[in-house]
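Let me begin by presenting the structure, written as structure tokens, before commenting on it.
The values are calculated or read from the model by the stated rules, or taken from the named source; none is laboratory data. Keep in mind it's a predicted model, so treat the numbers as computed, not measured. As a convention, Cβ positions derive from the backbone with ideal geometry for all residues, glycine included, and neighbour counts pool all protein chains shown. Note: areas computed on protein heavy atoms with side chains; ligands, DNA, RNA excluded. Shrake-Rupley method; radii C 1.70, N 1.55, O 1.52, S 1.80 Å.
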Amino acid sequence: MEKLLNEQVVSQIRKTFEQMKEPVHLLFFGSQDNCEYCADTRQLLEEIAAVDEKVSLSIYNLQDNADMAARFNVDKTPAIVIAAKDGEQVIDFGIQYSGIPAGHEFGTLINDIILVSGRDSGLSEEVREFLKNLEKPLYLQVFVTPT
Amino acid sequence: MIRAEGVEATEFPELANQFNVRGVPQTVINAGMGTVVGAVPEKNLLAEIKRAVN
């Protein structure tokens with residue numbers, strides 16, 4: 001199969017991944033139903049995970065793996081969960097992306113991987129304090145486009 | 001407790017329409033309880049989150 005990422009991009013990613021501290025686990029969720037970008041998104045993640053051993057990947061299907069989808073709050077496809085990995089344990093930080101991470105959003109995904117790898121949100125004390133005391137779930141959806 | 005999801009708007013147009021997404025980035029809080037248009041400073045986002053959850 002033809003690669004989606006050329007050698008130049010792969011070497012840029014490799015350089016960026018030098019900043020990684022702890023392992024990151026990516027979960028891909030695809031679907032049997034008409035999912036225009038599922039195949040490309042899956043291939044993209046496979047190519048990213050091949051760059052650095054700190055990045056691992058598992059492949060799921062929204063229908064066949066409904067339990068995993070529920071556990072990680074995935075309800076659309078393609079979906080990517082950017083989770084932390086500690087030994088064999090996958091730790092969900094609630095960070096996910098729905099759609100193909102193309103164009104601008106490719107850089108966002110790479111940055112998300114670095115962020116999760118550092119295990120630090122980078123948020124201010126004020127925001128951390130507020131979030132720590134949340135009594136109800138908070139769901140943020142950031143709508144973006146590839147351009 | 002906290003879920004943060006990037007949504008590719010052109011791939012999920014019904015969702016974008018549901019929340020009246022006019023430009024990107026646009027942040028929708030708790031399925032429409034609040035919304036922030038544009039990339040705003042952290043404290044502005046916090047203010048809107050506080051408004052939306054109360």
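Lys and Arg at +1, Asp and Glu at -1: add these up for the other residues within a Cβ distance under 15 Å of residue A:142 and post the number. Spell out each step's value before the answer.
Values: positive: A:76, B:3, B:22; negative: A:105, A:112, B:5, B:8, B:11, B:42, B:48.
Its environment carries a net charge of -4.
Using modelled backbone amide H atoms (1.01 Å from N, in-plane), which distant-in-sequence or interchain residues come within less than 5 Å of residue A:60's amide H?
A:28, A:29, A:30
Using the Cα centre of chain B as the reference point, and only Cβ charges (+1 on K/R, -1 on D/E), how large is the resulting charge dipole? Debye, rounded to the nearest 20. Show your work: numbers first, answer last.
Working: 5 positive and 6 negative charges, 65 e Å.
The dipole magnitude comes to about 320 debye.
Given contacts defined as C-alpha pairs under 8 Å and at least six residues apart, what's the relative contact order of chain A, whole-number percent? Mind showing how you got there, number by number?
Values: 194 pairs, mean separation 37.6, N = 147.
With pairs under 8 Å counted, the relative contact order is 26 percent.
With n ≥ 4 as the cut-off for DSSP H runs, can you work out [θ] at 222 nm for chain A, using -39500 (n - 2.57) per run divided by the number of residues, rounded to the nearest 500? It would help to have the intermediate numbers written out before the result.
Values: 5 runs with 51 residues, N = 147.
Theoretical 222 nm ellipticity from helices: -10500 deg cm²/dmol.
Can you give the Kirkwood hydrodynamic radius of segment B:13-53 from its Cα pairs, in Å with one decimal? Mind dumping the intermediate values first?
Values: mean 1/r = 0.0960 Å⁻¹.
In segment B:13-53 this quantity evaluates to 10.4 Å.
What list of whole percents do you get for P(r) of the protein assembly as shown, with Cα-Cα distances grouped in 10 Å bins up to the one holding the largest distance?
8, 34, 38, 18, 2, 0
Would you mind giving the total buried accessible surface between chains A and B, with a 1.4 Å probe and ligands, DNA and RNA left out, rounded to the nearest 100 Å²?
Values: alone 9590 and 4670 Å², together 11070 Å².
When A and B are taken together, about 3200 Å² of accessible area is lost.
Please get the size of the charge dipole for the protein assembly as shown, origin at its Cα centre, with Cβ charges of +1 on Lys and Arg and -1 on Asp and Glu, quoted in debye to the nearest 20. Let's see the in-between values first.
Values: 18 positive and 30 negative charges, 125 e Å.
So the magnitude is around 600 debye.
Along the positive direction of the dipole of chain A (beta-carbon charges: Lys, Arg +1; Asp, Glu -1; about the Cα centre), which of A:118, A:137, A:84 reaches farthest?
Toward the positive end, the furthest listed residue is A:118.
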